[in-house]
Amino acid sequence: MKLKQVMQHLATKFEVTDCLTPATAALVINQAQFENKDRSPIGSQTLLLQLPVAQKVRLSCDVQGTWQLVGTLQLGAKQLTVAQTQNQLLRLLFMLGKLLQPATTGLATLNDLAIDAITADFDPIFDRAVRLVQNPLAIIDLNGQVLSRSHMTKLNGASIQAAVGTNQIGKWLLERGFEPEKLDFLTQIYVAADQLSAVPMLVTPLAHRQEPLGYLVMPALTTPLNTQHALLINDLSKIIAGSLVKNQIMPTAASQRDRLLNMLLTERQSATFDAQFKEQNVKLPTEMVLIKCDPLADQAPMILQQRLQYLLRPLFTQSLISVYRQHCLALVTISLAAYNSAEFKAQLQRITQQADCRLIVSNYYVRPEDTAAAYLVCSRTAKLKTIHTRVVFCEDEFYNLALARVNHIEILPFFVNPALKALISYDATNKTTLVPTLDAYLTATCNLTRTAKQLYVHPNTLRNRLKAITTITGCDLRDAETCFKLASGFKLQRFLIDNNDSVATQSVQPK
């Protein structure tokens with residue numbers, strides 16, 4: 001594009017004073033860049049932008065080997081702040097880029113890079129991005145710290161350490177940089193050109209699915225800052241952000257919140273829990289359950305975690321889902337009433353089908369510091385051989401957990417209730433069904449009507465059977481303590497069967 005046309009376009013957005021001559025007006029311009037005294041301009045067909053003095057930018061072009069002033073451009077009001085000045089400089093660079101660079105510039109290369117980033121490791125993707133912009137790149141987290149992995153580049157690795165580290169660009173970002181809560185966070189770019197920077201720096205946010213991660217910083221150490229950089233940096237930041245998250249180099253805010261669960265599991269200083277939760281803008285739960293998620297289809301823990309994030313989070317006001325010791329765990333905030341509801345059990349049942357997993361649910365608890373104990377109980381419950389369902393509540397397995405802790409399992413058959421032993425023997429001899437009758441009666445909380453309906457017998461038939469049980473065993477089935485002992489005997493018998501005890505009879509089948 002001829003220089004005269006470029007100046008005319010600039011005049012539509014900025015106050016421009018030109019000093020064009022017929023010779024300079026006819027110059028063809030295909031690039032624009034900021035002045036870098038340590039680096040030569042990119043080419044002869046370049047519009048050189050000298051950084052502002054009193055908000056004015058000097059525009060120069062190469063005329064027969066000599067840089068000649070062709071005009072000045074007023075960025076805005078004379079009392080612009082540093083941030084406002086930087087934004088105006090960026091606006092100027094973008095405008096010139098759209099004028100001078102074809103819309104497809106670098107598009108094919110970016111597409112190839114984005115496709116490769118899906119499967120490739122982070123380092124080769126980052127190195128290719130460095131070569132694409134012909135400048136070193138640095139990655140800075142939201143706390144202003146330079147990520148060490150960003151220095152693993154063959155192009156000016158030491159130089160970028162000096163430019164970014166020594167010149168405290170992280171401090172500059174914390175003081176004047178992006179505010180992650182801004183709605184337009186993904187579109188902000190600043191050119192750092194104050195006393196902290198040895199050279200102009202192009203800075204763009206790194207975000208993953210609208211979630212801020214940090215910043216991508218490109219100082220113009222090798223190639224002067226130009227329009228191509230401005231057009232590439234946004235798309236590059238998206239590719240690099242995706243690669244950082246995929247390769248677990250830089251966690252998202254959501255994954256940082258999830259790691260609070262690991263903190264509850266490993267730290268014992270409960271006094272610090274509230275402060276650490278507040279730091280991540282998460283409320284410390286006061287009523288909760290821990291859920292251990294065991295895969296049934298050989299899914300990796302990370303894959304199961306991602307699946308459960310999608311399934312659990314819409315159902316509960318707050319959930320933390322993390323991987324701890326190669327196990328996928330979820331901490332769910334839930335009230336006692338909701339924990340005991342049929343709806344909660346139905347929700348978990350659906351999740352086990354959708355994620356093809358088993359869920360081991362801890363007891364409801366109210367102290368976050370009990371999370372480690374909840375994990376221990378869930379882990380021990382998961383190892384029980386008495387589990388036959390996809391959703392298991394630890395409180396339902398308390399008796400089995402206690403039995404599993406007995407060191408000498410060979411003595412357990414001795415503790416099977418003698419009344420139950422007598423009934424098993426009587427049934428075997430007389431071809432009766434007193435054992436399943438008593439089991440059904442105890443399961444129905446000693447309700448005659450419910451038991452008769454479950455067994456498909458007349459209530460009088462049931463009464464006669466219960467009378468026979470009392471006659472044979474001498475047990476008073478109207479006594480709550482006696483019924484508890486008999487029910488415990490059934491639990492012990494089933495535990496022995498599930499653990500393949502040779503003494504246990506098959507007269508009592510697992511439920």
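Answer yes or no: is there a residue in the stretch 356-367 that is part of a helix (DSSP H, G or I) and buried (at least 16 other Cβ atoms within 10 Å of the Cβ).
Checking the stretch 356-367: not a single residue is part of a helix (DSSP H, G or I) and buried (at least 16 other Cβ atoms within 10 Å of the Cβ).
Condition check: among the aliphatic types (A, V, I, L, M) and surrounded by 20 or more Cβ atoms within 10 Å (Cβ to Cβ). Does Leu331 satisfy that?
Yes: the conditions hold for Leu331.
Quick one: how many residues across the stretch 111-150 are closer than 21 Å to Ala220 by Cα, small (Gly, Ala, Ser) and not in a helix (DSSP H, G or I)?
The total comes to 2.
Within the set of pairs 6 or more residues apart or between chains, which connect a residue that is more than 11 Å from Arg257 (Cβ to Cβ) and at pLDDT 90 or above inside the stretch 273-285 to a residue that is open to solvent by less than 50 Å² (accessible area, probe 1.4 Å) and among the hydroxyl-bearing types (Ser, Thr, Tyr) with Cβ atoms less than 7 Å apart?
Pro285/Thr333
For the structure I just gave you, tell me whether Lys345 is over 27 Å from Gln210 (Cβ atoms) and assigned to a strand (DSSP E or B). Don't jump to the end; show me each part of the working.
Numbers: over 27 Å from Gln210 (Cβ atoms): yes; assigned to a strand (DSSP E or B): no.
So Lys345 fails the test.
Within the stretch 124-143, how many residues are of a type in the set (Asp, Glu) and at pLDDT below 85?
Residues meeting the conditions: 1.
If you go through the stretch 307-327 one residue at a time, how many are polar (S, T, N, Q) and either over 28 Å from Ala337 (Cα atoms) or open to solvent by 20 Å² or more (accessible area, probe 1.4 Å) (or both)?
So the answer is 4.
Could you give me the residue pairs with C-beta distances under 7 Å whose first residue belongs to the stretch 109-121 and is at pLDDT below 85, whose second residue is open to solvent by 30 Å² or more (accessible area, probe 1.4 Å) wherever it lies, and which are 6+ apart or on separate chains?
Partner pairs satisfying both residue conditions: Thr109/Leu132.
Just to be sure I understand, how many residues within the stretch 378-398 are open to solvent by 60 Å² or more (accessible area, probe 1.4 Å) and either basic (Lys, Arg) or part of a helix (DSSP H, G or I) (or both)?
Residues flagged as open to solvent by 60 Å² or more (accessible area, probe 1.4 Å) and either basic (Lys, Arg) or part of a helix (DSSP H, G or I) (or both) within the stretch 378-398 amount to 7.
Quick grid of which residues meet (1) at pLDDT 65 or above; (2) on the phi < 0 side of the Ramachandran plot; (3) of a type in the set (S, T, N, Q):
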{"position": "Asp184", "(1), (2), (3)": "no, yes, no"}
{"position": "Thr187", "(1), (2), (3)": "no, yes, yes"}
{"position": "Val191", "(1), (2), (3)": "no, yes, no"}
{"position": "Ala207", "(1), (2), (3)": "yes, yes, no"}
{"position": "Met218", "(1), (2), (3)": "yes, yes, no"}
{"position": "Leu225", "(1), (2), (3)": "yes, yes, no"}
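Could you count how many residues in the stretch 286-312 are at pLDDT 90 or above and not aliphatic (A, V, I, L, M)?
6
Consider only pairs whose beta carbons are under 9 Å apart and that are at least six residues apart or on different chains; among these, list those whose first residue lies in the stretch 409-435 and is under 18 Å from Asn464 (Cα atoms) and whose second residue is of a type in the set (Gly, Ala, Ser) and surrounded by fewer than 14 Cβ atoms within 10 Å (Cβ to Cβ).
Every condition considered, the pairs that remain are Ala419/Gly474.
Can you report the number of residues in the stretch 411-461 which are open to solvent by 80 Å² or more (accessible area, probe 1.4 Å) and charged (D, E, K, R)?
Qualifying residue count for the region: 4.
What single numbered condition from (1) touching a residue at least 12 places away in the same chain (Cβ under 8 Å); (2) of a type outside the set (A, V, I, L, M); (3) under 22 Å from Asn363 (Cα atoms) fails to hold for Arg313?
Here Arg313 clears every test but (1).
Which pairs turn up if I take residues in the stretch 449-461 that are closer than 14 Å to Leu438 by Cβ and look for partners that are surrounded by 13 or more Cβ atoms within 10 Å (Cβ to Cβ) and not small (Gly, Ala, Ser) with beta carbon separation below 7 Å, at least 6 apart in sequence or on another chain?
Close Cβ pairs satisfying both conditions: Thr451/Tyr441; Thr451/Leu462; Ala452/Leu462; Leu455/Thr437; Leu455/Leu462.
The values are calculated or read from the model by the stated rules, or taken from the named source; none is laboratory data. Given the structure is predicted, the values throughout are model-derived calculations rather than measurements. For neighbour counting, all protein chains shown are included, and Cβ atoms are generated from backbone atoms with ideal geometry for every residue, glycine included. Surface accessibility is based on the protein's heavy atoms, side chains included, excluding ligands, DNA and RNA. Shrake-Rupley method; radii C 1.70, N 1.55, O 1.52, S 1.80 Å.
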